1. Between Ala475 and Gln429, what length in nm is gained on full extension when 0.36 nm per residue of separation is reduced by their alpha carbon distance?
2. Using a probe of 1.4 angstrom, how much of the accessible area of the stretch 1-155 is carbon and sulfur, in percent?
3. Residues with beta-carbon under 12 Å from that of Arg317, excluding Arg317: net charge, scoring Lys, Arg +1 and Asp, Glu -1?
4. Computed from the coordinates I sent, mean projected area of the Cα convex hull in nm² equals one of [x] 22.6; [y] 27.8; [z] 23.8. Tell me the label.
5. In the chain, what % of DSSP beta bridges are antiparallel (nearest 5)?
6. Nearest 20 debye, what's the magnitude of the dipole of the stretch 134-196 about its Cα centre given +1 on Lys and Arg Cβ and -1 on Asp and Glu Cβ?
7. Taking 0.36 nm per residue of separation and subtracting the Cα-Cα distance, what length does fully extending Ser266 through Gln534 add?
8. Among residues other than Ala13 whose Cβ falls under 15 Å from its Cβ, what is the net charge (Lys/Arg +1, Asp/Glu -1)?
Amino acid sequence: MLQLNKESIKNTAQWEQAGIENVKFDYDQMTAMTKENPTWVHFGAGNIFRGFIAMLQQTLLNSGKVDTGIVVVETYDHEIIEKIYAPYDNLGLLAIMNTDGSLEKKIIGSISESLIGDPARENDWQRLQTIFATPSLQLASFTITEKGYSLKNASGEYSVDVQEDMANGPKRPKSVMARITSLAYTRYKNGELPIAFVSMDNCSHNGDILHSAVAAIAAKWSETGLVEEGFQHYINNPEKVSFPWSMIDKITPRPAESVKAALSESGFESTEILCTTKNTFIAPFVNAEKSEYLVIEDKFPNGRMPLEQAGVIFTDRQTVDRVEKMKVCTCLNPLHTSLAIFGCLLGYTLIADEMKDPELKKLVEKVGYEEGMPVVVNPQIIDPEAFIREVIEVRFPNPYIPDTPQRIATDTSQKVGIRFGETIKAYGQRPGLDVTNLKYIPLVIAGWCRYLMGVDDQGKEMSLSSDPLLSTLRAYISGIRLGDTTSVQVNLKPILSNKDIFGSDLYCVGLGEKIEGYFAEMIAGTGAVRATLQKYL
């Protein structure tokens with residue numbers, strides 16, 4: 001039986017016999033070189049990192065283009081490091097799920113070390129300080145989800161941790177963004193060393209979001225004399241510290257039992273699927289689709305590895321913006337969220353099954369082709385028509401991708417502003433487009449409000465995916481009852497008028513009442529969600 005550890009990967013023949021591609025470089029040498037001269041640190045040790053980002057560096061290691069790996073850091077869910085990285089010598093296995101049901105299997109071996117990014121873990125934090133003081137470090141990248149960058153709580157105040165961090169300076173930061181700022185300060189103190197901080201999360205202008213969080217903390221520290229004034233200039237000087245924009249796209253669902261079974265059958269033993277106390281579903285293997293895109297603004301003050309040779313597209317900011325708007329605001333993410341909301345309400349547990357549902361398939365076609373495409377600006381490097389066609393006809397319907405509406409429904413309050421709010425804004429700004437003509441995006445927003453009731457279309461209680469605003473939002477609609485359309489009243493107002501959620505007040509743009517109307521139809525009784533979809537589609 002094959003087990004993941006640094007000794008077992010020395011026997012390439014036995015891995016290849018099992019149909020698993022081994023690394024094509026000396027693993028021990030790579031870890032030694034990286035320890036000495038780290039070039040890349042990545043924050044966020046989840047599936048998208050192992051299944052996509054780590055494999056990019058592995059491609060370069062395999063071909064001899066680089067000799068160092070990636071140091072991965074987890075700031076949110078420490079169990080990922082303790083249970084999935086450390087026991088397996090930081091190795092993993094990638095299973096690519098092809099549309100014909102076959103699996104392409106590869107060892108993930110480009111991760112040199114894994115650290116918990118918390119000052120309370122003194123050895124790990126000290127090691128991070130050392131890494132950030134090293135001139136060879138070129139980039140720190142991030143997949144920490146939208147909420148990872150947030151400094152404020154639901155009521156728009158700085159969170160308690162952030163307030164304490166701003167008052168206490170760089171010594172023992174608690175919030176993720178203050179930890180990043182503290183590590184940047186280490187780099188500043190060691191000779192204003194250059195670095196690129198590259199957010200690879202699915203949020204609009206992700207580099208700016210990361211920069212504003214770090215710059216806000218640096219400004220506070222500088223103002224109160226906790227750091228030198230020069231540190232603030234360093235953070236805001238793109239010749240020294242850059243925050244490139246990026247767009248990432250690859251579906252990496254939770255590890256699936258079906259993939260676990262197939263791997264066990266081929267003789268691979270390290271397949272235990274865990275759910276951590278923070279609700280992360282993770283295993284020593286990652287299952288992912290084959291399609292992948294990563295587009296990055298080419299601003300790296302300390303140089304970078306030749307990732308274009310691994311398929312990354314480097315370009316200018318405006319092109320990244322167009323690609324990202326195309327994907328996040330139109331051609332993929334809004335369709336995913338539409339399926340997530342209605343999939344949960346209608347009892348689905350697989351995105352691919354939803355694509356066989358005539359109403360849901362039609363809904364994503366309408367949201368994408370009819371309402372989204374008119375605001376897309378062609379980025380030239382990727383064709384929007386071909387991209388959305390691949391999403392609707394190949395990627396979402398792939399029955400071997402075990403992706404669930406429940407996973408996609410996580411943190412929806414943090415996503416709707418980008419996934420729908422940007423298109424709503426564009427309709428208000430573009431000549432020839434009338435925002436009040438939108439029909440299907442408002443239908444999805446009404447569906448989300450209906451989802452927040454925690455009752456499915458059959459009237460049965462359903463559990464809701466985690467979301468930082470869940471308790472606040474549910475409090476607003478607690479007075480609404482299924483079967484009583486008069487109970488809607490003004491209960492949706494605090495949600496639909498919230499600019500922090502949608503990017504605009506939906507009543508001011510002329511959509512609030514329309515959404516309330518759809519919502520009232522969806523609570524008319526059991527089966528009303530399906531009936532509303534049938535009526536409008």
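The values are calculated or read from the model by the stated rules, or taken from the named source; none is laboratory data. Values in this document were obtained by computation on a predicted structure and should not be read as measured data. A quick note on method: Cβ atoms are made from the backbone with ideal geometry, for glycine too, and the neighbour counts reach across all protein chains shown. All accessible areas refer to the heavy atoms of the entire protein, side chains included, with ligands and DNA or RNA removed. Shrake-Rupley method; radii C 1.70, N 1.55, O 1.52, S 1.80 Å.
1. 13.2 nm
2. 47 percent
3. On the way: positive: Lys299, Arg322; negative: Asp208, Glu297, Asp298, Asp316, Asp321, Glu324.
Net charge around Arg317: -4.
4. Among [x] 22.6; [y] 27.8; [z] 23.8, the one calculated here is [z].
5. Once the DSSP bridges in the chain are tallied, antiparallel ones form about 35 percent.
6. Magnitude of the dipole: close to 200 debye.
7. Details: separation 268, 0.36 × 268 = 96.48 nm, distance 4.51 nm.
Residue separation times 0.36 nm, minus the Cα-Cα distance, leaves 92.0 nm.
8. Working: positive: Lys10, Lys24; negative: Glu7, Glu16, Glu21.
In short, -1.
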